[in-house]
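The values are calculated or read from the model by the stated rules, or taken from the named source; none is laboratory data. Here the structure is a predicted model, which is why all the values come from computation and not from measurement. No Cβ is skipped: glycine too gets one built from the backbone with ideal geometry, and neighbour counts run over all protein chains shown.
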Amino acid sequence: MTGVLYVVATPIGNLEDWSPRAVATLRAVSVIAAEDTRHSSRLMQHFNIATPLLAVHDHNEGSRAAGLVARLQAGDDIALISDAGTPLISDPGYRLVAAVQAAGLQVVPVPGACAAIAALSAAGLPSDRFIFEGFLPAKVQGRRERLQQLADESRTLIFYEAPHRIADCLADMVAVLGSERRVVLAREVTKAFETIRQLPLEEMLAFVQGDPNQQRGEIVLVLEGATAEAGEQDWREADRVLGVLMTELPLKQAAALAADITGLKKNALYERALQLRG
Ligand code: SAM
């Protein structure tokens with residue numbers, strides 16, 4: 001019998017969120033692969049889990065994977081945990097899970113807390129479709145470039161952000177995306193100073209800049225997607241299409257055809273055509 005790799009989520013703050021199944025799994029396996037063994041040993045002590053811990057982090061995951069696959073093949077069950085929340089979500093584990101899958105062995109999730117999903121569930125922004133962006137680049141130029149690439153994304157966007165960068169990050173969002181988009185600051189989720197607050201981007205920037213407490217702890221930002229109104233890029237394309245059609249067709253017909261081509265609203269394109277002609 002070969003062993004199983006269990007991918008086990010741990011709490012993101014409130015220890016009462018941890019499931020009996022997660023605790024039982026960690027007690028039953030032969031070894032726990034943990035991102036930071038010193039950090040996780042406190043959690044293990046609290047829950048009386050005596051299973052040995054083995055450090056598996058970003059810097060040694062590739063080299064550790066072969067040894068762990070061999071242990072699974074020899075019949076040991078193994079659990080993978082990270083410092084908090086769900087492993088692999090802005091955390092190590094992908095290379096190990098891929099190696100175990102590639103060896104034809106079983107990977108079983110033991111789900112639990114994930115800061116991104118907890119924040120989204122309480123954000124009050126559309127949640128039928130969303131994207132998870134993890135951490136934005138730490139430096140202004142890279143961060144603004146990434147935000148520019150995301151400017152037309154219509155799905156709700158979820159970001160993780162470090163507390164010492166939250167004000168700069170919000171300032172860049174205002175600069176690239178404008179002041180009006182709604183954003184939710186989900187800070188210290190499940191902990192004593194939990195804050196879940198929704199404001200337009202510019203007001204959120206002022207709120208965070210005006211209160212140093214909002215620049216502390218762990219933070220998720222949930223950002224409203226681009227609205228159905230056309231973005232700048234869409235209008236550039238629409239103007240080009242209208243410009244061509246208007247040389248050959250009456251305005252109404254040009255607007256109707258441009259609507260078919262661009263997917264934008266006919267009335268809005270007619271208004272635009274009037275402006276262009278004017
Ligand atoms: N794997 C984790 C998960 O499932 O959420 C995320 C790990 S990532 C290295 C750490 C980041 O997650 C933090 O910097 C913060 O952005 C977010 N985070 C973790 N716990 C949080 C909490 N209690 N409240 C708000 N954000 C949290």
In the range 195-215, what residues are more than 18 Å from residue 119 (Cβ to Cβ) and surrounded by 18 or more Cβ atoms within 10 Å (Cβ to Cβ)? 205
Tally of residues being exposed (fewer than 15 other Cβ atoms within 10 Å of the Cβ) and either outside the structural domain of residue 122 (by TED's automatic domain parsing) or within 16 Å of the ligand (Cβ to nearest atom) (or both) across the range 140-162: 1
Could you tell me which of the residues 277, 236, 182 is more than 20 Å from the chain's Cα centre (by Cα) and touching a residue at least 24 places away in the same chain (Cβ under 8 Å)? 277
Based on what the data block shows, is residue 165 part of a helix (DSSP H, G or I) and assigned by TED's automatic domain parsing to the domain that holds residue 128? yes
What residue, among those in the range 67-92 that are small (Gly, Ala, Ser) and at positive phi, is nearest to the ligand (Cβ to nearest atom)? 85
Condition first: crowded, with 21+ Cβ neighbours inside 10 Å and within 16 Å of the ligand (Cβ to nearest atom). Now tell me which residues in the range 93-109 satisfy that. 93, 96
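Output the residues belonging to the range 182-194 that are touching a helix residue (DSSP H, G or I) at 6+ places or on another chain (Cβ under 7 Å) and either under 13 Å from residue 120 (Cα atoms) or more than 9 Å from the ligand (Cβ to nearest atom) (or both). Outline the logic, then answer.
Our first condition is that a residue be touching a helix residue (DSSP H, G or I) at 6+ places or on another chain (Cβ under 7 Å); within the range 182-194, this holds for 183-187, 189-190.
Answer for the range 182-194, where residues must be touching a helix residue (DSSP H, G or I) at 6+ places or on another chain (Cβ under 7 Å) and either under 13 Å from residue 120 (Cα atoms) or more than 9 Å from the ligand (Cβ to nearest atom) (or both): 183, 184, 185, 186, 187, 189.
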Quick check on the range 115-137: of everything there that is surrounded by 21 or more Cβ atoms within 10 Å (Cβ to Cβ) and within 8 Å of the ligand (Cβ to nearest atom), which residue is farthest from residue 222 (Cα to Cα)? 115
